[in-house]
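*Asks:* Dropping a structure here in structure tokens format, bear with me for questions.
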Amino acid sequence: MKILIVEDEQELLDLILRYMKREGYICEVATSFMDGYKKINNYEYDCAIVDLNLPGGDGLKLVQKLREDSSQTAILITSARNTLDDRINGLDIGADDYLTKPFNLSELNARIKAVLRRKTNQMSSELKFGDLIINLDERQVIADGKVLKLTKKEYNILVFLARNKNRVVTKDSIAEHLWGDYMEDAVSYDFIYAHVKNLRKKLVENNCGEHLKTVYGIGYKFQT
């Protein structure tokens, strides 16, 4: 699960970042309005945590931008603005929830899980491509009637490619999706090649190898 944290209070940002990484989320950060605007224009996220009082602009405009783009990103506003009008305005513009500062990190995590559950319920929990079925709720992949034993990285790569079906996805995009702002953890792109090679082998062994194509020198494509 990939989260964008838009927050300019460095101490609070560090606390949120450490907590969310410990919970297993892939996290990216933005500390100003323009940073946040660039992030939401260039990348997709499962959830965005948006502060309203940002250097260079109002966080409400970021929420509005996400919704104007018909983004499926779940949006949670965090703000010291705690009047009823502020909360109603944020929700009316398109936020899924509104949490006033100060807040407990465990409550923030619970709110994130709640808005993600609501989003998931609104969307199909299965991706089907002939004999290949990806069950998003169970994180389970069935190929030709058999459950595949995939590693976490293999599963995440497959879902990312499947959600971008029939589009060429670069190695840069896959690495950024898996590691977020912490690309240095990846060391090199060799790990992507290794994971895709193992994933393709498992798909081929179960008669679904035709879906995963290599676009030499660029990246990969999930073909329907």
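Readers should treat all values here as calculations from the given coordinates under stated rules, not as data from a laboratory. Remember, predicted model here, so these are calculated numbers, not experimental data. All Cβ positions, glycine included, derive from the backbone under ideal geometry; neighbour counts span all protein chains shown.
*Asks:* For a paramagnetic label modelled at 7 Å from the Cα of Y43 toward its Cβ, which residues of the stretch 141-176 fall within the zone defined by backbone nitrogen distances under 15 Å?
*Replies:* Those under the cut-off are 170-176.
*Asks:* Explain nothing, just the number: dipole magnitude of the stretch 20-151 about its Cα centre with +1 on each Lys and Arg Cβ and -1 on each Asp and Glu Cβ, in debye rounded to the nearest 20.
*Replies:* With Lys and Arg at +1 and Asp and Glu at -1, about 280 debye.
*Asks:* Under 10 Å, Cα contacts only: if you run a Gaussian network model on the chain, which one of A110, A143, A48 comes out with the highest mean-square fluctuation?
*Replies:* A110
*Asks:* Further question on the same structure: Would you look at the GNM of the chain, springs on alpha carbons closer than 10 Å, and say which of N109, N82, N42 moves the most?
*Replies:* Maximum fluctuation in the GNM of the chain, among the listed residues, is at N42.
*Asks:* Exposed loop trypsin sites (Lys or Arg not before Pro) only (DSSP loop, at most 14 other Cβ atoms within 10 Å): please give the longest stretch of the chain free of them, not including the sites.
*Replies:* 1-138
*Asks:* Report the net charge of residues surrounding V215, where surrounding means a beta-carbon distance below 11 angstrom and charges are Lys +1, Arg +1, Asp -1, Glu -1.
*Replies:* Local charge sum for V215: +4.
*Asks:* May I ask you to compute the full-extension gain from E68 to D190, defined as 0.36 nm times their residue separation minus their alpha-carbon distance, rounded to one decimal in nm?
*Replies:* Details: separation 122, 0.36 × 122 = 43.92 nm, distance 3.74 nm.
Length difference between fully extended and current span is 40.2 nm.
*Asks:* If you don't mind, there's one more thing I want to ask. Could you tell me the largest-minus-smallest coordinate of the C-alpha atoms of the stretch 126-222 on each of the three principal axes, in descending order and whole angstroms?
*Replies:* Computed over the Cα atoms, the extents are 38, 28, 20 Å.
*Asks:* Right, next: Under a crude label model (7 Å from the Cα following the beta-carbon direction), how far is V204 from F103 in nanometres?
*Replies:* With each label placed 7 Å out from Cα toward Cβ, I get 4.7 nm.
*Asks:* Quick one: putting +1 on the C-beta of Lys and Arg, -1 on the C-beta of Asp and Glu, what dipole do you get for the chain around its Cα centre, in Debye to the nearest 20?
*Replies:* For the chain, the charge dipole is close to 980 debye.
*Asks:* Can you match Cα extents along the principal axes in Å to one of these, (1) 56, 38, 29; (2) 58, 35, 30; (3) 59, 44, 31, based on a calculation from the structure here?
*Replies:* Working out Cα extents along the principal axes in Å from the coordinates points to (2).
*Asks:* Also: Can you show me the helix-derived [θ] at 222 nm for the chain, built from DSSP H runs with n ≥ 4 at -39,500 (n - 2.57) apiece and divided by the number of residues, rounded to the nearest 500.
*Replies:* So the helix-based figure for the chain works out to -13500 deg cm²/dmol.
*Asks:* To make sure I understand, if each residue's beta carbon is the centre and we count other beta carbons within 10 Å, what order do M20, M34 fall in, fewest to most?
*Replies:* On the way: M20 21, M34 13.
Ascending Cβ contact count within 10 Å gives the list M34, M20.
*Asks:* Please report how far the C-alpha centroid of the stretch 1-80 lies from that of the stretch 164-179, rounded to the nearest whole angstrom.
*Replies:* With the stretch 1-80 and the stretch 164-179 each reduced to a Cα centre, they are spaced 21 Å.
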